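Structure first, then comments.
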Amino acid sequence: YSKLNKYLFLMDPNSSYEPNVIKSPNDKNDYYSSVLPNGMKYLIIHDPLCDRSACAMDISMGSLYNPPDIEGLAHCLEHILFLGTEKYPEKNDFSDFLSKNSGSTNAYTSLEATNFHFDVSNEEIEKALEMFSTFFICPLFTKELVESELNAIDSEYKMDVRDDGERLNSIKSIEGYSDSEYSTFVCGNLSTLKRNDIRDKVIEFYHKYYNPTKMSLCVISDKSVDEMKKIIEDNFNAIKQNEQYVNLFNSEIANKKFKILYDENNMGNIYNIIPVKNEHRLQLYWVINENGYKFYKAQPFEYIVSLLGHEGKNSLTSYLKKKEMITSLTATYNNQGETFIEVEIEIELTEKGFENYVEVINAVMFFIRTMQKKEINENYFNEIKKSSEIDFVYYEKEDPLELCISLAENLGIYNASEVIKVNYIIENYEPELIKKCFNALTSTNMNVYLLSQKFKFNDNLKDINYNIDYLEKQ
């Protein structure tokens, strides 16, 4: 299965489009990708058996672009685009239309991107796309609605305050370099957004950053590719960049580089944190300041986290469970834009493990150092690679909306022909790269986060955004 080009999709013999997306041989959908004259990328998925249509628009502009004095502005704009357009001026026109036609809509803002998505009955996908396109052509930004929506954002923030994952991310942000864009407060709240000029700032942010060259649309429908091409061209080519910001976008924004959040000068710390949930949890966190996307064909961290999270004989997990220190251990990694890669080991501790957490950390680091001294095991890599190929070949049909969200995200990052394949396939064996990445997991390049309600602090730190009590120790 290594020669993936033979899996270019089989096109409908009656269609006028050319095959250009690699897919699994067991994937019965047809795929077609292209770029509109305005620079917007799009991907069409033709599934004649889908029970409803879906769409996602991913914009490669997220909270990293927040002005330092208006944290949460990107998230605020995400909310406000649902509040009416010149053609459909009522606040709930789009959501009401979808709910009447077996559909729904939502959106999210991350550090790197903002994603708008919906699903709807197959019969109404054309009308839904026409309405949806006006979000990016002629939003109203009604002053009263903009100001009232701040309360909805604040309510979302208040729910996040009770989420230990969001709370931990907040501590990581504020404890990193304060001049890094990654230290921004993603959600925002009334404290950061309630200001007299908020509507003007939202409009400015929209015109400055919502450039069609940073937009990626994915649509799945039972309509033919040729039908969908025409619908997309008729509606989304009307998205234009505001002339006032063209030069600014091309010179300063499109290729903007972000400042790192951590390096060896501000890591090597332990943070004791009081969580909301009554549990003992330990997280070991490393930052590698590299562009992880450029490794996508070799996927070195798949090898690393597979070893770290393995549960078989002689594994780190089995050792710590036998010692009755932990109930679970998972290892993951995440690319933060083109700036750095996060590697995390998340451990649920027993009472014994919490009382002896230093021993748990030492066991993890001993395991890592042992693996670092060994040669990269090509047979083990090939097992991971083969498993990825099997997952790809024996493709299981996905939920239409989830599929659109995932592929729209990928379309903004990778070559269009590979947007499906990158979710599955590991292609290249590069032992030197794996070794280099593995060797980056050191104690000096690591922060430790220990969460327990047993902590009582006399001289604690306070995260004012999420009301978290925590203590930093060297």
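The values are calculated or read from the model by the stated rules, or taken from the named source; none is laboratory data. Every value quoted in this text rests on a predicted model; they were computed, and no experiment measured them. Don't worry about glycine lacking a Cβ; one is built from the backbone with ideal geometry, like all the others, and counts go over all protein chains shown. Surface areas here come from the heavy atoms of the whole protein model, side chains and all, with no ligands, DNA or RNA. Shrake-Rupley method; radii C 1.70, N 1.55, O 1.52, S 1.80 Å.
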Pick from region 174-194, criterion part of a helix (DSSP H, G or I) and among the polar types (S, T, N, Q), ranking: surrounded by the fewest Cβ atoms within 10 Å (Cβ to Cβ): SER191
Need the failing condition index for PRO67 against (1) in a loop (DSSP other than H, G, I, E, B); (2) buried (at least 18 other Cβ atoms within 10 Å of the Cβ); (3) under 22 Å from the mean Cα position of the chain (by Cα), just the number. (2)
Looking at (1) within 25 Å of GLY412 (Cβ to Cβ); (2) touching a strand residue (DSSP E or B) at 6+ places or on another chain (Cβ under 6 Å); (3) among the polar types (S, T, N, Q); (4) surrounded by 21 or more Cβ atoms within 10 Å (Cβ to Cβ), find the lone condition where SER133 falls short. (2)
If you scan region 195-212, which residues turn out to be part of a helix (DSSP H, G or I) and within 19 Å of the chain's Cα centre (by Cα)? TYR209
Given (1) open to solvent by 70 Å² or more (accessible area, probe 1.4 Å); (2) outside any loop (DSSP other than H, G, I, E, B); (3) at pLDDT 95 or above, where does ASN5 come up short, assuming only one miss? (3)
Under the condition of being part of a helix (DSSP H, G or I) and under 24 Å from TYR206 (Cα atoms), which residue from region 83-122 is least open to solvent (accessible area, probe 1.4 Å)? PHE94
Can you confirm whether ASP27 is out of contact with any helix residue (DSSP H, G or I) (no Cβ under 7 Å at 6 or more places or on another chain) and either open to solvent by less than 10 Å² (accessible area, probe 1.4 Å) or in a loop (DSSP other than H, G, I, E, B) (or both)? yes
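This table checks each residue for (1) assigned to a strand (DSSP E or B); (2) closer than 29 Å to TYR182 by Cα; (3) over 15 Å from the mean Cα position of the chain (by Cα); (4) free of Cβ contacts under 8 Å to residues at least 40 places away in the same chain.
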| residue | (1), (2), (3), (4) |
| --- | --- |
| ALA331 | yes, yes, yes, yes |
| ILE341 | yes, yes, no, no |
| GLU348 | yes, yes, yes, no |
| PHE381 | no, no, yes, no |
In region 393-421, what count of residues is obtained for those that are touching a helix residue (DSSP H, G or I) at 6+ places or on another chain (Cβ under 7 Å) and either over 29 Å from TYR210 (Cα atoms) or of a type in the set (Phe, Trp, Tyr) (or both)? 1
Residue that is surrounded by the most Cβ atoms within 10 Å (Cβ to Cβ), among those in region 357-379 that are without any contact (Cβ under 8 Å) to a residue 24 or more places away in the chain and not in a helix (DSSP H, G or I): ASN377
Test result for TYR424, within 25 Å of LEU329 (Cβ to Cβ), aromatic (Phe, Trp, Tyr) and surrounded by fewer than 19 Cβ atoms within 10 Å (Cβ to Cβ): yes
Taking region 389-404, which residues are open to solvent by 20 Å² or more (accessible area, probe 1.4 Å) and either hydrophobic (A, V, I, L, M, F, W, C) or outside any helix (DSSP H, G or I) (or both)? ILE390, TYR394, TYR395, GLU396, LYS397, GLU398, ASP399, LEU401
In region 297-323, the residues that are touching a Leu at 6+ places or on another chain (Cβ under 9 Å), hydrophobic (A, V, I, L, M, F, W, C) and either farther than 16 Å from MET371 by Cα or touching a residue at least 60 places away in the same chain (Cβ under 8 Å) (or both): ALA298, ILE304, LEU307, LEU308, LEU320
Looking at (1) crowded, with 20+ Cβ neighbours inside 10 Å; (2) more than 20 Å from ILE70 (Cβ to Cβ), which is the one condition that is false for TYR157? (2)
Residues in region 261-301 that are touching a strand residue (DSSP E or B) at 6+ places or on another chain (Cβ under 8 Å), of a type outside the set (Phe, Trp, Tyr) and buried (at least 16 other Cβ atoms within 10 Å of the Cβ) total 16
Does GLU147 satisfy the criteria of being in a helix (DSSP H, G or I), more than 27 Å from the chain's Cα centre (by Cα), within 20 Å of SER63 (Cα to Cα) and free of Cβ contacts under 8 Å to residues at least 60 places away in the same chain? yes
Restricting the first residue to region 236-262 and requiring it to be farther than 15 Å from GLU204 by Cα, which pairs with a second residue that is among the hydrophobic types (A, V, I, L, M, F, W, C) and assigned to a helix (DSSP H, G or I) meet a Cβ separation below 6 Å and a spacing of at least six or different chains? ILE239/PHE136; PHE258/LEU64
Checking LYS386 against (1) part of a loop (DSSP other than H, G, I, E, B); (2) surrounded by fewer than 14 Cβ atoms within 10 Å (Cβ to Cβ), which single condition isn't satisfied? (1)
Given GLU166, GLU156, which one is within 21 Å of ASP463 (Cα to Cα), free of Cβ contacts under 8 Å to residues at least 60 places away in the same chain, within 23 Å of the chain's Cα centre (by Cα) and assigned to a helix (DSSP H, G or I)? GLU156
